[in-house]
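Novice: The structure is given below, and queries will be raised subsequently.
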Amino acid sequence: MMTGRGVAHALLRAAPRLVSALAQVRHGDRAATAPSGRGSVRNRAATGGSGCAPGDELGLGSPKGRDESRPGSLPVRLGIAWVLCTGILLAQTARLEFSDKLRLVDCSPSTPVPCFRARVNIVDAKGDPVSPVLPAQLAKSLTIHADNLEVTPFYASAGSGSAGAVRSRLALVVLDVSGSMNQLMGNGQSRYAAARAAALQFLEGFENGSDRVAIVSFESRSVVARIRQAVFAGTAEEARRQVHALPIPNPRGNTALYSAVDTALDVLAEQVARAPGAPEVLMLVLTDGKNDVQAGDDPGLLEGPEGLQAASNKVRASGLQVITIGLGDSRSIDEPAMRQIGTQFYLVADPEGLKRAFSRARQLLVNRLQATFVSPWKDRASLAGKSIRTTMTLRMPSGQEIASDERVWAAPQIGLPLYEGKCEPRELKAVLSPGVRETGSEWWTIARPILVFVSVGAVILILWFWIPRLAWPDQYLGDLPVRGGAARKWSSGHTMVSRRGPAGPPGAGKTAPPGFTRPGGGRHGAPERGASDATIVKPRPDMGTRTRLGDRRSRDE
C-alpha cells in the first residue's frame, strides 16, 4: 500500500511527464493543421529523434505509429492525461470513510459462516464526497483487513451503479424552527426560508421506489410528538408537500437539539427494522444555534453535558451516518457539540452554502460502496467477546490505493453476537461463487453443537451419580451376599452392613428402622420381610397423654 509520502513522490515524478505529454498534445495539434509534413518532422526533432516521445511513458503512443492528422486525437490524448493526473491527485487526497458500522449478517442457507457488511463513502480531505471512476471488478479491487487477516469481499456494489444494483434509501431531515430561524440573512432571506429551499434542493434526483424521505421540525415544545409523527414519503411530490407544510418558526420557541436527535434516531431505527432488505440510511440535522432549554419547555428534555453525552452515545451506538449543519456564524453555533452528535459537520453562513451542504449530504447517501465478506472466524461462538479492528482498501484503475480509517466491531462480552440483518438475494448468490466458501468448515459447524450437548450431558451424569456418593458414602449400600446364596439388605441383629467389608459383629452397623426387623427377634434362618407383609404400628403403653412439655415440667419439679 502506498503511503502519503509515496504518493507525493509519485506525483512529483509524474509531473514532468504530464507536462511533456500536454506539450506534445499541443504540438501534435499544430502538426495536424500544418499544410505539409514539416510539423511532424519538427515534432520528432523536439523529442531528440529517439523514436520514443515523452507521451509513450503515459501510454499515449509513439509518434511513428500515430496518425497526427486523425480527427479526435487531441481530445483523446487530453482525456488520458487528465485521467492519469486526477487519479494521482485523488490517491493523494481521497480516503474511504465508513458510512455505517460493521454489521454481522446471516447468509444462510448459502453459507453457515457468519458474514460482515461494510459501507463506505469516497471523500476528500475535507470530508466532501468525490465520484471517481471505479474499477470494473469492484469486489476484487477491495481488500479488508480484520485483525491483520486479509479478506477479499465476495460481493461489492456502488450506490450509483446500474439500475439493477440500486439499493433502497431512507433519509430523515430534521429542521430547527426555533425563534432565531426568523432572522434575516445577507440577501434579505430568512434562515427559515433558506432551510426550506435547501430541503427542496436535497430532494433533487429523488427516485420514486428507491428513496423514502421524511422532513420534520423541532423547537422546544412538543418535540417528541412532532418527530414521532414523521411520515416517510415514497414519491418526490409527497416529500415536497412535507417541505411546504413545515410550521413557521415560533418566536418564543427555544432549541431542544439533543432531544430532537435522540428521538429522531429512534424513529429512524424503527423504519430500518420495518424496511425490506438493507437500505442506505442518513439523518440530516439543521440548526442555527445551540441546545437551549428554558422554563416552560417540555419536561424531561436533554440538556447540559449529560444530555450531550446521552445523544452522542446514541449516535455512536446506532452506527448511522448523521450529518449536522450549523447555519450562521461560529459564535452562535456550538461546533464541538455538533461534531459530537454527528459523523460529519458543515458550518455555512449563506443560502448558497446551505444548498451545497444539503447537496453533499445527498451525494453521501447515494454514492456509497458496499462490501460483504465472509468472517475469518467460522461461527458466532468464535466471535464471542471479540473486538475486531477493521480497515478497507480500494485499488483504483490507475493502480493507486485509497484506504480507510480503522473501525472496530465489538461483540457483547456475554453470549453470542446477534445478527443485525439478512443477506440480500444478490449477496446470497455471490457467496455461492467458486472459491468463496471454504471446504471443511460445514462439518465443524454441525459437530460443534453435538459435542456441546454430549459434554453437558456427561457433566450432568457426574453431578447426579458421582458427587452424591462422595458426599454421603454411607447412604449408598448395595445388596450383600449372605450364607445360603440369598441377598439381603439388612444384616442380622437388626443392623445394616457396609459393602466395604464382611459383616461385623452385632451392633457394628446401623439399626434397622422399626417394621423392618426379622420376625422372631433376629434369629438366624428367619425369612426376609416380603413386599406384601403389613407393617403393624404398636404404640407404647407408657405414653398415655404425656407430652414433651409435661415431661419437662415434671423434671423441673
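Novice: Which residue pairs have Cβ atoms under 9 Å apart, sit 6 or more places apart or on different chains, and have a first residue in the range 119-137 that is assigned by TED's automatic domain parsing to the domain that holds ARG356 and a second that is buried (at least 16 other Cβ atoms within 10 Å of the Cβ) and assigned to a loop (DSSP other than H, G, I, E, B)?
Specialist: Every condition considered, no pair remains.
Novice: Return the residues of the range 218-236 that are crowded, with 24+ Cβ neighbours inside 10 Å and within 24 Å of GLY353 (Cα to Cα); say none if nothing qualifies.
Specialist: PHE218, GLU219
Novice: Still on this structure, please answer the following. Being in contact with a helix residue (DSSP H, G or I) (Cβ under 7 Å, 6 or more places away or on another chain), part of a loop (DSSP other than H, G, I, E, B) and either in contact (Cβ under 8 Å) with a residue 40 or more places away in the chain or buried (at least 21 other Cβ atoms within 10 Å of the Cβ) (or both) is the requirement here; does PRO251 meet it?
Specialist: yes
Novice: For the range 325-348, name all the residues that are without any contact (Cβ under 8 Å) to a residue 24 or more places away in the chain and outside any helix (DSSP H, G or I).
Specialist: Residues satisfying the conditions are ASP329, SER330, ARG331, PHE345, TYR346, LEU347, VAL348.
Novice: Which of the residues that make up the range 99-113 are under 30 Å from GLY127 (Cα atoms) and among the acidic types (Asp, Glu)? Step through it out loud before you land on a result.
Specialist: Step one: list which residues in the range 99-113 are under 30 Å from GLY127 (Cα atoms), which gives 99-105.
The one that is under 30 Å from GLY127 (Cα atoms) and among the acidic types (Asp, Glu): ASP100.
Novice: Could you figure out which of (1) within 26 Å of the chain's Cα centre (by Cα); (2) part of a helix (DSSP H, G or I); (3) not charged (D, E, K, R) isn't true of ALA230?
Specialist: (2)
Novice: Still on this structure: Select from the range 276-298 the residues that are over 30 Å from CYS423 (Cβ atoms), touching a helix residue (DSSP H, G or I) at 6+ places or on another chain (Cβ under 9 Å) and not acidic (Asp, Glu) and list them in ascending order.
Specialist: Result: VAL285, LEU286, THR287, GLY289, LYS290, ASN291, VAL293.
Novice: Give the residue, chosen from VAL133, VAL113, that is of a type outside the set (Gly, Ala, Ser), modelled with pLDDT under 95 and under 21 Å from ARG426 (Cβ atoms).
Specialist: Answer to the selection: VAL113.
Novice: Given the conditions (1) under 30 Å from ALA158 (Cβ atoms); (2) touching a helix residue (DSSP H, G or I) at 6+ places or on another chain (Cβ under 9 Å); (3) free of Cβ contacts under 8 Å to residues at least 24 places away in the same chain, report the number of the one that ALA273 does not fulfil.
Specialist: Result: ALA273 fails condition (2) only.
Novice: What's the number of the only condition in (1) within 26 Å of the chain's Cα centre (by Cα); (2) more than 23 Å from GLU420 (Cα to Cα) that ARG240 fails to meet?
Specialist: Every listed condition holds for ARG240 apart from (1).
Novice: If you scan the range 201-219, which residues turn out to be at pLDDT below 95 and either of a type in the set (Ser, Thr, Tyr) or not assigned by TED's automatic domain parsing to the domain that holds GLY289 (or both)?
Specialist: Once the filter is applied, which keeps residues that are at pLDDT below 95 and either of a type in the set (Ser, Thr, Tyr) or not assigned by TED's automatic domain parsing to the domain that holds GLY289 (or both), the range 201-219 yields only SER210.
Novice: Within the range 350-426, considering only strands (runs of 3 or more DSSP E) that don't extend past its boundaries, which have at least 1 residues that are on the phi < 0 side of the Ramachandran plot, touching a Pro at 6+ places or on another chain (Cβ under 8 Å) and touching a residue at least 24 places away in the same chain (Cβ under 8 Å)?
Specialist: Details: elements: 368-374, 387-395, 401-403, 407-410.
So the answer is 368-374, 387-395.
Novice: Which of the numbered conditions does THR391 fail, given that it passes all the others? Conditions: (1) crowded, with 20+ Cβ neighbours inside 10 Å; (2) under 21 Å from the mean Cα position of the chain (by Cα); (3) among the β-branched types (Val, Ile, Thr).
Specialist: (1)
Novice: In the range 95-151, how many are farther than 21 Å from PRO376 by Cα and among the charged types (D, E, K, R)?
Specialist: Applying the first criterion (farther than 21 Å from PRO376 by Cα) to the range 95-151 yields 95-97, 99, 121-137.
Adding the requirement that they be among the charged types (D, E, K, R) leaves 95, 97, 124, 126, 128.
Residues that pass the stated criteria total 5.
Novice: For residues in the range 269-321 being farther than 22 Å from PHE98 by Cα and β-branched (Val, Ile, Thr), which is surrounded by the fewest Cβ atoms within 10 Å (Cβ to Cβ)?
Specialist: Among those residues, the one meeting the criterion is VAL293.
Novice: Which of the residues that make up the range 276-295 are touching a residue at least 60 places away in the same chain (Cβ under 8 Å) and in a loop (DSSP other than H, G, I, E, B)?
Specialist: PRO276, GLY277, ALA278, PRO279, ASP288, GLY289, VAL293, GLN294
The values are calculated or read from the model by the stated rules, or taken from the named source; none is laboratory data. Keep in mind that what you see is a predicted model, and the values were worked out from it rather than measured. Backbone-built Cβ (ideal geometry, glycine too); neighbour counts: all protein chains shown.
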